[in-house]
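To keep things clear, I will list the structure first and then write my remarks on it.
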Amino acid sequence: MRIDVLTVLPGLFDCFLKEGVIGKAISSGKVEVKVHNIRDFTTDKHRVVDDVPYGGGPGMVLKPEPIFRAYDELTKEGEKPYVLLTEPWGEKFNQEMAVELSKKPRLMIICGRYEGVDERVKSLVDREVSIGDYVLTGGELPAMVIMDAVLRLIPGVLGNLESLRADSFSDRGLLGYPNYTRPAEFRGMKVPEVLLSGHHKKIESWRKEQSLRKTLERRPEIIENLKRKGLLTKEELE
Ligand SMILES: CC(C)N1CCN(Cc2ccc(Cn3ccc4ccc(-c5n[nH]c(N)c5C#N)cc43)cc2)CC1
């Protein structure tokens, strides 16, 4: 998969693209992520990317020309990307969308800033996406959240962890089971006996039960949604 990111703050992506699972996936060539500074697609001496809003109002708006120039330049060759725009009021990003996006061969993520982008930029956009009902200062962190959730689903990115994942709980949006590691007792708090038993079938069913119980307690709508889609097995429903 290739992802092109358009932003006026490219430096925000430096650590994200170098460290951890995502950093390894990029350095090993499993995925390609290119971050482009929208300013590099301006033509004036001052490299202006924003302007005051028509009709008045606070703040500045990202101009359409540099973004369109970037899009035209980056789509001259190769497959046309599926274009996302991060927006405070976009469609809510979730695991289902991450799975769908992970199947696209090429994505482009346009990161807004200031009061957002000129409305005409949306003629390039396939999906306006929000990562949640809270207000951030720009679209770069949402772009990293989206890329993280999508790229971890690309085969080979998680390495051997993929094969260890018996049932893709998290990929169905279920909350995770409790994790423990050594020591077996810490400040009087013991690791559940079943996890020390070495009985894999019992461990697996304990983890499944814990995940379903936690999801039912904290996010019952996820269970209802999976029920409606027939994505819960008979024993999971008991
Ligand atoms: C009247 C006047 C005082 N109001 C001022 C606030 N305006 C709304 C407003 C609010 C914030 C921003 C900052 N911003 C710029 C581009 C951009 C992209 C994504 C997000 C974003 N925030 N939260 C998410 N989940 C997001 C995602 N994905 C935020 C962004 C831009 C715009 C509404 C008008």
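How much accessible area per residue does the chain have, counting only protein heavy atoms and a probe of 1.4 Å, in square angstrom?
Here the per-residue accessible area is 60 Å².
At 222 nm, what value in deg cm²/dmol follows for the chain if DSSP H runs of at least 4 each add -39500 (n - 2.57) and the sum is divided by all its residues, to the nearest 500?
So the helix-based figure for the chain works out to -10000 deg cm²/dmol.
In whole percent, and with a 1.4 Å probe on the protein chains, what portion of the accessible area of the chain is carbon and sulfur?
Values: 7620 of 14230 Å².
The computed percentage sits at 54.
Where in the range 65-96 are there trypsin sites (Lys or Arg not before Pro) that are in a DSSP coil and have at most 13 other Cβ atoms within 10 angstrom of their Cβ?
Taking the range 65-96 and a limit of 13 other Cβ atoms within 10 Å, the loop trypsin sites (Lys or Arg not before Pro) found are Lys76.
Would you work out which of Ile109, Leu216, Cys15 lies farthest towards the positive end of the dipole of the chain? Charges go on Cβ: Lys and Arg +1, Asp and Glu -1.
Going by the Cα projections, it comes out as Leu216.
So how do Ile110, Ile26 rank on accessible area, 1.4 Å probe, biggest first, that is with the largest at the start?
My answer, sorted largest first, is Ile26, Ile110.
How large is the accessible surface of Ser123 in square angstrom, using a 1.4 angstrom probe and rounding to the nearest 10?
Counting only protein heavy atoms, Ser123 exposes about 90 Å² to solvent.
Hey, with R₀ at 41 Å, roughly what FRET efficiency would Leu237 and Phe186 work out to, going by the Cβ-Cβ distance, to 0.05?
Working: r = 35 Å, r/R0 = 0.85.
In this case the efficiency is close to 0.70.
Using a basic spin-label model with each label point 7 Å from the Cα along Cα→Cβ, how many nm lie between Lys202 and Glu221?
3.8
Loop by DSSP (not H, G, I, E, B), at most 16 other beta-carbon atoms within 10 Å: where is the longest site-free stretch of the chain for chymotrypsin sites (Phe, Trp or Tyr not before Pro)?
Between the exposed loop sites, the longest stretch runs 55-133.
For the chain, calculate the relative contact order in percent as a whole number, restricting contacts to Cα pairs under 8 Å that are 6 or more residues apart. Let's see the in-between values first.
Details: 323 pairs, mean separation 44.2, N = 238.
Over the chain, the number comes to 19 percent.
Rounded to the nearest 20 debye, what is the charge dipole size of the chain about its Cα centre when +1 sits on each Lys and Arg Cβ and -1 on each Asp and Glu Cβ? Intermediate results must be reported in sequence, preceding the final value.
Numbers: 38 positive and 38 negative charges, 174 e Å.
In total the dipole reaches around 840 debye.
Against the longest alpha carbon principal axis of the chain, how many degrees, from 0 to 90 and to the nearest 10, is the axis of helix 140-151 turned?
That helix lies at roughly 50 degrees to the long axis.
What net charge do the residues around Leu107 carry, taking every other residue with its C-beta under 9 Å from that of Leu107, with Lys and Arg at +1 and Asp and Glu at -1?
The answer is +2.
The values are calculated or read from the model by the stated rules, or taken from the named source; none is laboratory data. It should be emphasised that the depicted structure is a prediction, and the values quoted were computed from it without experimental measurement. Here the Cβ is made from the backbone with ideal geometry for all residues, glycine too, and neighbour counts use every protein chain on show. Note: accessible area is taken over every heavy atom of the protein model, side chains too, but ligands, DNA and RNA are not part of it. Shrake-Rupley method; radii C 1.70, N 1.55, O 1.52, S 1.80 Å.
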